[in-house]
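What follows is one structure encoded as structure tokens, with my remarks underneath.
The values are calculated or read from the model by the stated rules, or taken from the named source; none is laboratory data. Nothing here was measured: the structure is a model prediction, and the numbers come from that model. Methodologically, a virtual Cβ is constructed for each residue, glycine included, from the backbone with ideal geometry; neighbour enumeration extends over all protein chains shown. Accessible surface is based on the protein model in full, side chains and every heavy atom, while ligands, DNA and RNA are left aside. Shrake-Rupley method; radii C 1.70, N 1.55, O 1.52, S 1.80 Å.
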Protein chains: 2
Amino acid sequence: MIFSNLKLNKNEPIYIQIKNHVIDSINKGDLKKDSKLPSTREVSKFLSISRNSVIAAYEELESENIIATKRGIGTFVLAEGRNNSHEYFIDYSKSFNKYAYSLKHLDIIKSELPYKKNMISFKSIAPDSSLFNLDDFKRCFLDAFAYEGPNLLNYGYAKGYKPLIDYLFSYMEDKGVNSINKDILITNGFTEALHMILSSLTSTNDIIVCEKPTHNTALKIMKSLGLEIIQVELDAEGMNLKQLENTLENNNVKFGYLIPSYNNPTGIVTKVKRRKEIYNLFRKYSVPIIEDGFNEELLYSSSPIEPIASLSGEGNGVVYIGSLSKILFPGLRIGWIHGDAQLIETLESVKRGINIHSSFLDQSTFYYYLKNGSFNKHIKNVRKYYKDKYNLVMEMIEKHIPYESVLGEGGLHVFIKLKNNLNARELLELCYNDNVLFMPGDIFYKDFYDTNGLSIDGINTFRIGFGKVSDEDIITGIKIISKNIRILENNLTKSSDNK
Amino acid sequence: MIFSNLKLNKNEPIYIQIKNHVIDSINKGDLKKDSKLPSTREVSKFLSISRNSVIAAYEELESENIIATKRGIGTFVLAEGRNNSHEYFIDYSKSFNKYAYSLKHLDIIKSELPYKKNMISFKSIAPDSSLFNLDDFKRCFLDAFAYEGPNLLNYGYAKGYKPLIDYLFSYMEDKGVNSINKDILITNGFTEALHMILSSLTSTNDIIVCEKPTHNTALKIMKSLGLEIIQVELDAEGMNLKQLENTLENNNVKFGYLIPSYNNPTGIVTKVKRRKEIYNLFRKYSVPIIEDGFNEELLYSSSPIEPIASLSGEGNGVVYIGSLSKILFPGLRIGWIHGDAQLIETLESVKRGINIHSSFLDQSTFYYYLKNGSFNKHIKNVRKYYKDKYNLVMEMIEKHIPYESVLGEGGLHVFIKLKNNLNARELLELCYNDNVLFMPGDIFYKDFYDTNGLSIDGINTFRIGFGKVSDEDIITGIKIISKNIRILENNLTKSSDNK
């Protein structure tokens, strides 16, 4: 029986596994051309699975001309195996574990509608490359070499480039963060920092509390590690305190993950009073906070706010993840973790085990950019630039979009909730045909698909990223979105008229 | 009872957990200054643990003036809690999972004797920075900017920088490797590549076959992921075939991990005939091979040998990890995975989940360095340089070291097995006092510690890395090693005389 060495896994649809097993067996030479396959009934009985799965597998194989069914006679192998005396074939899809499988499954680059040339895209929240001052950058690169010489290109230290670490200590101090018994580890951006902390300090089914909605990459990492996620509603001041306390009281929560300075996607800035209340709740229940310092530098409407890490004094309850990627050089992938010294010491070993260290050339160049004033010059420049864009976006939305709410006090994006529970994914379909793209909001909710693959949370929301969009395209793009909202509204009216 | 909320874990010694719990309780305010602790007998009974563990914990706490015992009265808290109204303290050491704990435990940078200034160090196998041609490098950096502009500093693609990927395809083709249905993913060096493959495609207790001895970083990653390791003996031709077949036949092996071109640490180059035999065995049992292309460019005594990946034709059984870090710019952290296209597609999503992508600035600069001929010029240059060093090292060893075997046909290191089962760790202790450092060989064996913490495998071996050591220091250093071997031998003779 050709299926006797098939071990079914839970990660993939059964019919795909059946199909791959047949292809694999042909390539391995276990199934020769013209040989007869067992009937779908036999296979279903043998593997104790639904016959429909086997039928689906055979149908796909038939449509790809790998097998052929002769009525009343049986199913036969059509294809030649790719195998020859030197080659062998492994079906890696069977080997991926849950972690890899969910990272693939949750990879929005692969699942969401792709950008096409000449589209107006509000999808990205990356900065505008044309604002990067290349001459400044090149000078910093040459400075780095002048000071460090060729050692810059040899192995460095897992913790990171010392002058950069020292610079970041004083940067954190300026934000009011105490560094006693703390340390800093340089990472390849925010993503690596969060992945490293969670993969080192949690186990499957540990519970993480975070905002609702929150950064989709963070949700992806948590899910890939098998963590339980509890999202707590946001209002304009920050996380809902009652819900938070209730959650902390009734669950053995491992970590809080917070984006207080500019929540992605809503752009809500947690207010000073609320920050303290949230911090005190985590303290009360001895639950450590991972603070994502996302876009702290890009608040327009409010004065700078100190991070939650600044509230914890000499305590070690807050682990702060910093990154300047949304302002400066995301392509370099530089971020950092600031937290308890013992924690960092172990994470340093983890970093060494994962990729030894982050590029020293990049760290050093980045350091000279921060140190010599280029960064402050850049910040001033881009803050003005993005603020003007932000104002234009808000003006256009006020004029053209019938929203229930529009959120965002800075940064490179705003978040819209549509009236009448209009479906943002249907809106996206229409806009895509008009060459306009944005990010559907449901991906920022834990349960963005119900069991039928239909979105249940945040379905009437979407995010408008404007960092890289020209003023002209902002105007045109939002008008197109507006036009398509009218179409959806009309459809809605018609369908209720018809009832 | 202050210990009622202590959950013991299996990763740490019990006494450390007891100790940390007391400190934690003091900091949290659960244990006030001057309050009485339960007796060691009570704690041991309450937690069902050995009383000795509790005594050890209390002794350490007493030696650190955190608690004090008054004879006949009891044990009392001496220290004030660090806690104040705003601070809280988390004991992260309790939270690390097995993965993080073993990466820390196996981090040789933290456990092995450290380099001190002015030492002669044979520990590293990194290249000599002074051989890097900085002017060439700077020109390539400027070339990268000239062609790519500021987008080089913005977000790129998880798979990597397209021109570099295309270059590497032709580089692999030159090595005889077929790329049909294959793809390439750029990683942060070899370490990230192996970590990514194993963490995506294996589960705890999966079995990996590798050489004995083998790269300690690879062993570390496998252990941290909870994999079972079976090491197969090497002879001068490569892996022992009988042992390998026996292993493949009797175990459900998930992957082979091979360093055929220049095994680390032995420097053994697997011969062409043996490569085919090894490949055919893996093929016979349908076990995929992860090939570590380590130091392929630095073979002196034999003519270039094609990688095992070149044997697999259009098959996908071999996943090749490439890196030029031992020759060129380890500080940039650039490596790649070449393998089955479907495999790479999922690994691309994993890469995006881990750190989005590798630095595009580094990849682009590196690409121009490879493309414009700087690399070939560099290779020619360093091959001559390191070969001279290698010859000097071998000459000195022949003259001064009483070895059972000395292995290494290229690269930046040789591997010595001492006569009379002399203990290389004892030798290292002696040499360290004479300011000479090398890498003990036992770390390249799976079981380098027995349950008593004593090394059992490879104890009479050590690695001499010479890439960064001056000729003068090579001569002096090996003479010092030689002197200390005599001392150990004399001790041995004396002790057997005394019996």
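Within straight-line reach of B:LYS479, meaning a Cα separation under 20 Å, sit the following aspartates and glutamates at least 8 residues removed in sequence or on another chain: B:ASP388, B:GLU395, B:GLU398, B:GLU404, B:GLU426, B:GLU429, B:ASP434, B:ASP471, B:GLU489.
For the segment A:274-286, counting C-beta atoms of other chains within 10 Å of every residue's C-beta and taking the mean gives 2. For chain B, averaging the sequence separation of C-alpha pairs within contact (under 8 Å, six or more residues apart) and dividing by the residue count gives a relative contact order of 17 percent.
State whether the range B:351-492 is rounded, prolate or oblate according to the following rule on the C-alpha gyration tensor (a ≥ b ≥ c being the square roots of its eigenvalues): a/c under 1.5 gives rounded; otherwise a/b larger than b/c gives prolate, and the remaining case gives oblate.
Because a/c hits 1.5 or more and a/b fails to exceed b/c, the range B:351-492 counts as oblate.
Mind grabbing the interface size between A and B? I mean buried accessible area, both sides, 1.4 Å probe, in Å² to the nearest hundred. Write down the numbers at each step before the final one.
Numbers: alone 24100 and 24090 Å², together 40150 Å².
Buried area (both sides, nearest 100 Å²): 8000 Å².
For B:ASN280, the point set 7 Å out from Cα toward Cβ sits 7.7 nm from its twins in the other copies, listed from shortest up. Once the dipole of the range B:132-372 is set up with Lys and Arg at +1 and Asp and Glu at -1 on Cβ about the Cα centre, which of B:ILE305, B:ASN264, B:ALA144 lies farthest towards its positive end? Comparing the listed Cα positions along the dipole, B:ASN264 ranks first. Taking the label point 7 Å along Cα→Cβ, A:ALA126 and its counterparts in the other copies are spaced 3.1 nm apart, in ascending order.
Rounded to two decimals, the Cα-based Rg/Rh of chain A, with Kirkwood Rh, is 1.03. The range A:124-181 and the range A:408-422 have Cα centres separated by 34 Å.
Rounded to the nearest 5, what is the percent of antiparallel bridges among the DSSP beta bridges in the protein assembly as shown? Present the calculation step by step, with values, prior to reporting the outcome.
Numbers: 60 of 98 bridges.
Close to 60 percent.
Counting heavy atoms of the protein chains alone, B:SER130 has an accessible area of about 90 Å² for a 1.4 Å probe.
Computed on the Cα trace of the range B:240-315, the radius of gyration divided by the Kirkwood hydrodynamic radius gives Rg/Rh = 0.96. Cross-link pairs exceeding 21 Å between alpha carbons, from the set A:LYS159/A:LYS182; A:LYS220/A:LYS326; A:LYS159/B:LYS104; A:LYS98/B:LYS162; A:LYS220/B:LYS351: A:LYS98/B:LYS162.
Calculate the mean, over all residues of peptide B:211-220, of how many other protein chain Cβ atoms lie within 10 angstrom of the residue's Cβ.
On the way: counts 0, 0, 0, 0, 0, 0, 3, 0, 0, 3.
Neighbouring Cβ atoms belonging to other protein chains average 1 per residue here.
On the principal axes of its alpha carbon atoms, the range B:14-77 extends 27, 26, 20 Å, with the longest extent given first.
Remark: the range A:209-222, residue by residue, has Karplus-estimated 3J(HN,Hα) of 9, 8, 6, 10, x, 8, 3, 5, 5, 5, 4, 4, 4, 4 Hz, where x stands for each Gly or Pro and the curve is 6.51 cos²θ - 1.76 cosθ + 1.60 at θ = phi - 60°.
Would you mind getting me the FRET efficiency between A:LEU142 and B:LYS117? Use the beta-carbon distance for r and R0 = 22 Å, nearest 0.05. Walk me through the numbers before you get to the answer.
Details: r = 29 Å, r/R0 = 1.31.
Efficiency at R0 = 22 Å is approximately 0.15.
Cα-Cα over 20 Å: which of A:LYS110/A:LYS419; A:LYS254/B:LYS33; A:LYS242/A:LYS271; A:LYS276/B:LYS19? Violating the 20 Å limit, Cα to Cα: A:LYS110/A:LYS419; A:LYS254/B:LYS33; A:LYS276/B:LYS19.
As a test, work out the antiparallel percent of DSSP beta bridges whose residues both lie in the range B:132-372, rounded to the nearest 5.
Values: 12 of 29 bridges.
The answer is about 40 percent antiparallel.
Roll a 1.4 angstrom probe over the protein heavy atoms and tell me the percent of accessible area of the range B:132-372 that is carbon or sulfur. Mind dumping the intermediate values first?
On the way: 3220 of 7000 Å².
Of all accessible area on the range B:132-372, carbon and sulfur atoms account for 46 percent.
Per residue of chain B, the DSSP helices (runs of n ≥ 4 H) give a summed -39500 (n - 2.57) that works out to -13500 deg cm²/dmol at 222 nm.
Which whole number gives the average count of other chain Cβ atoms within 10 Å of the Cβ atoms across peptide A:143-154? Let's see the in-between values first.
On the way: counts 0, 0, 4, 0, 0, 2, 4, 10, 4, 7, 11, 14.
Mean shielding count: 5.
Most tightly packed first, judged by the mean number of other beta-carbon atoms within 10 Å of their residues, the peptides B:116-122, B:185-191 read B:185-191, B:116-122. The DSSP beta bridges internal to chain B are antiparallel in roughly 60% of cases. Once each part is reduced to its C-alpha centroid, what is the distance from the range B:293-357 to the range B:1-80 in angstrom? Centre-to-centre (Cα) distance: 51 Å. If you take the square roots of the eigenvalues of the alpha-carbon gyration tensor of the range B:132-372 and sort them as a ≥ b ≥ c, do you get rounded (a/c under 1.5), prolate (a/b over b/c) or oblate? Prolate, since a/c reaches 1.5 and a/b exceeds b/c. Using R0 = 41 Å, the C-beta based FRET efficiency linking B:LEU78 and B:SER496 works out to 0.20. Heavy-atom accessible area for B:TYR161, with the other protein chains in place and a 1.4 Å probe, reaches approximately 10 Å². With label points set 7 Å from Cα along Cα→Cβ, the inter-copy distances at B:HIS105 are 3.2 nm, sorted shortest first. With all protein chains in place and ligands, DNA and RNA left out, the 1.4 Å accessible area ranks A:LYS104, B:LYS98, B:LYS377 as B:LYS98, B:LYS377, A:LYS104, largest first. Averaging the sequence gap over all C-alpha pairs within less than 8 Å and six or more residues apart, then dividing by the number of residues, gives the range B:49-130 a relative contact order of 11 percent. For chain B, the longest principal axis of the alpha carbon atoms and the long axis of helix B:134-148 meet at an angle near 80°. Taking packing as the residue-averaged number of other Cβ atoms within 10 angstrom, the listed peptides A:274-285, B:251-262 run from highest to lowest as B:251-262, A:274-285.
Shown is the FRET efficiency for A:ILE109 and B:SER203, computed with R0 = 25 Å from the Cβ-Cβ distance and rounded to the nearest 0.05: 0.45.
Report, to one decimal in Å, the Kirkwood hydrodynamic radius for the protein assembly as shown based on all distinct Cα pairs. Could the numbers behind the result be given before it?
On the way: mean 1/r = 0.0321 Å⁻¹.
This gives a value of 31.1 Å.
Per-residue accessible area (protein heavy atoms, 1.4 Å probe) orders A:SER179, B:SER358 as A:SER179, B:SER358, starting from the largest. Closest approach of a chain B Cβ to the axis relating B and A (residue, whole Å): B:SER359, 3. Within the full protein context, the accessible area of A:SER496 is estimated at about 70 Å² for a probe radius of 1.4 Å.
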